[in-house]
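Worksheet: one structure, shown below.
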Amino acid sequence: MHSHLHRSLILCTLSSSSSRFALPPSSNSLSTMASSSLTLPSISLHKQLPFNASSSDSLRIRSLRPRNPDRSRVFMTSVSVGSQALVNDSLFSDYSPTSAFLFPGQGAQAVGMGKEAQNVPAAAELYKKANDILGFDLLEICINGPKEKLDSTVISQPAIYVTSLAAVELFRVRDGGQQIIDSVDVTCGLSLGEYTALVFAGAFSFEDGLKLVKLRGEAMQEAADAAKGAMVSIIGLDSEKVQELCDAANQEVDEADKVQIANYLCPGNYAVSGGVKGVEAVEAKAKSFKARMTVRLAVAGAFHTSFMEPAVSRLEAALAATEIRTPKIPVISNVDAQPHADPDTIKKILARQVTSPVQWETTVKTLLTKGLKKSYELGPGKVIAGIVKRMDKSAVIENVGA
């Protein structure tokens, strides 16, 4: 999405403090599902198997011996049907987070990223594997640009994915890094970053994740080319007011140009996405709804709306052919701000993600409310750290780049 998330982060600081911890509109069933997790009893789930990048032909998940096996083991609730095991999708619903790895989404990319990773063999190996899968020199574009090429949807998505997992390897070799990785008990990522989080949690391999991310970027670009859409950030309103603004704009445009909230980013900053005429109507009406400002985003199209529907079938087919395992720790979904354990459910949610609003504000609020002690943003940029700090100035978060 080019630099829209970075710009949105800056604008978060301009947002009204009265919208602190604002949730998406109650009419949104997804937000209702997400907020319900706050009332669940808490048990502690601990990580067993973190992401490991080895120099072998196939990246694998390293099995760690927990210091206290009884405390650390995640008990899988499943029943066997034929040769398949049905996993209880609510396995992680009572998660109690203490340490989180958070991964950035499109917009965090910057020319020069990946250079530091070349000093760590396991991190450098990821770029070599990526070049073979992608068919072009990803590292060259990451380090030297040009910016316009790196910012394109089809390149920025794999670039951020690889660089974020390279950051994990840089973190691993630093003093005490492996011990912290072993202690991480929840992970999530912003839009694209959800794929990175799933790899870190052992749900699928680095290679399979990269193939999915490559296809996702291509499919989203093709969908954007097929239908002219736009996105705009609304600054200074709570989510209910932004929904009212969208409703008012939609009364003036045809069905094909209707808009919706596409990204619940942080309090007072919500991205609206849809047809160009609908976005223009939102911009024209924003002042009358007392918005502080609107900022048109430099994106390829109307991401996280029905405009991306053409991308869904391609993603569904690719996901169906991909082996996905139950994550070893909770991975919070962008679609409903909930962790999911059943591989088939995860596949369905990843396919829906490109047409569904990103529930990032609810995700961060839930983590903080559930008692998260410290988090780490792994990958390029500092977008996520800014959002977390916007939601709780006392929150402890560290950036780990590559």
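Quick notes
- Any hit, segment 237-254, residues being surrounded by fewer than 24 Cβ atoms within 10 Å (Cβ to Cβ), within 18 Å of D151 (Cβ to Cβ) and either touching a residue at least 40 places away in the same chain (Cβ under 8 Å) or more than 22 Å from the chain's Cα centre (by Cα) (or both): no
- Pairs, first over 20 Å from N334 (Cα atoms) and at pLDDT 95 or above in segment 287-316, second open to solvent by 50 Å² or more (accessible area, probe 1.4 Å) and among the hydrophobic types (A, V, I, L, M, F, W, C), C-beta under 7 Å, six or more apart: R292/L14
- Test: residue in segment 272-284 that is within 19 Å of W360 (Cα to Cα), at pLDDT below 95 and crowded, with 20+ Cβ neighbours inside 10 Å: no
- Any pair with Cβ under 6 angstrom, 6 or more apart, that starts in segment 85-113 at a residue that is closer than 21 Å to E169 by Cα and ends at one that is assigned to a loop (DSSP other than H, G, I, E, B) and of a type in the set (S, T, N, Q): G105/S191
- So A117, is it under 25 Å from G202 (Cβ atoms), of a type in the set (G, A, S) and modelled with pLDDT under 95: no
- Each residue in segment 280-316 was checked for being within 24 Å of the chain's Cα centre (by Cα) and assigned to a helix (DSSP H, G or I), and 11 pass.
- Any hit, segment 347-355, residues being outside any helix (DSSP H, G or I), in contact with a Pro (Cβ under 7 Å, 6 or more places away or on another chain) and either open to solvent by 30 Å² or more (accessible area, probe 1.4 Å) or not hydrophobic (A, V, I, L, M, F, W, C) (or both): no
- A402 being more than 17 Å from the chain's Cα centre (by Cα), touching a residue at least 12 places away in the same chain (Cβ under 8 Å) and assigned to a loop (DSSP other than H, G, I, E, B): yes
- Number of the condition not met by L319 [criteria: (1) under 21 Å from S152 (Cα atoms); (2) part of a helix (DSSP H, G or I)]: (1)
- Of everything in segment 115-133 that is among the acidic types (D, E) and touching a residue at least 40 places away in the same chain (Cβ under 8 Å), the residue that is surrounded by the most Cβ atoms within 10 Å (Cβ to Cβ) is E125.
- Counted residues, segment 356-380 - those being within 14 Å of L265 (Cβ to Cβ) and either open to solvent by 20 Å² or more (accessible area, probe 1.4 Å) or touching a helix residue (DSSP H, G or I) at 6+ places or on another chain (Cβ under 8 Å) (or both): 8
- Scanning segment 134-159 for residues that are over 18 Å from G301 (Cβ atoms) and buried (at least 16 other Cβ atoms within 10 Å of the Cβ) returns L134, L138, L139, I141, C142, I143, L150, P158, A159.
- Test for K241: is it in a helix (DSSP H, G or I) and under 14 Å from A227 (Cβ atoms): no
- Top-ranked residue of segment 160-202 - restricted to ones that are over 14 Å from the mean Cα position of the chain (by Cα) and polar (S, T, N, Q), ranked as surrounded by the most Cβ atoms within 10 Å (Cβ to Cβ): T163
The values are calculated or read from the model by the stated rules, or taken from the named source; none is laboratory data. Since we're looking at a predicted model, the values are computed, not measured. Reconstructed Cβ throughout: ideal geometry from the backbone, glycine too, with neighbour counts over all protein chains shown. Calculation scope for accessible area: heavy atoms of the full protein, side chains included, ligands and nucleic acids excluded. Shrake-Rupley method; radii C 1.70, N 1.55, O 1.52, S 1.80 Å.
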